[in-house]
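Rule-based calculations on the coordinates, nothing more; no lab input. All figures in this text were calculated on a predicted structure; none of them were measured in a lab. Quick reminder, even Gly has a Cβ in these numbers, built from the backbone with ideal geometry, and neighbours come from all protein chains shown.
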Amino acid sequence: MVTKFQVAGRRLKKVHLWGSVQQAVRSQVAEVLRALDEVADLPDTAVLLLPYKGRAEGPAASTNPQAAAAGADSEPPCDGCHLRFLHYLRCGGCRQRRYCSRACQVADWRGGHKEACKQMAEEAAAAARAAAEAEAGAAGAEAGQETEERT
Ligand SMILES: [Zn+2]
Ligand SMILES: [Zn+2]
């Protein structure tokens with residue numbers, strides 16, 4: 001069976017354009033593979049539902065960039081586009097960054113979060129450990145086991 005593609009290829013060979021087409025395709029494929037490679041270890045996201053503390057306009061305000069940007073909402077915005085939304089995706093690696101969409105996550109990942117994510121995750125784990133230790137320490141102090149180290 002002769003496909004349209006084969007016919008086009010033969011015609012391009014005849015006018016000596018086949019080489020440039022092959023080259024273009026190869027560079028396109030390389031570009032796609034490179035992009036895929038960059039997001040290969042992108043952590044999965046979990047939907048993070050936030051209580052919406054918006055103004056009277058309600059959810060419609062979140063779809064209007066100007067209204068969203070002007071809002072004095074204390075909830076932090078998307079870490080990608082810096083707009084406020086009702087629902088966010090949370091970075092599955094560090095669980096600190098939040099995004100309105102997978103596209104924003106990928107953009108931020110490629111824009112440097114790839115490197116920062118692991119560090120943020122480690123810092124968060126260390127902070128959680130420290131908090132747990134402080135709690136244990138406080139409980140110990142309450143039980144009358146305070147030591148000289150506590151000044
Ligand atoms: Zn976004
Ligand atoms: Zn992350």
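See the values below:
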{"item": "Two-site label geometry, V25 and A126: point separation in nm, points 7 Å out along Cα→Cβ", "result": "5.1 nm"}
{"item": "Inter-probe distance in nm under a simple model that places probes 7 Å from Cα toward Cβ, at R10 and L33", "result": "3.0 nm"}
{"item": "³J(HN,Hα), Karplus 6.51/-1.76/1.60, whole Hz, each residue of segment 113-121, x for Gly, Pro", "result": "5, 3, 7, 6, 4, 4, 5, 4, 5"}
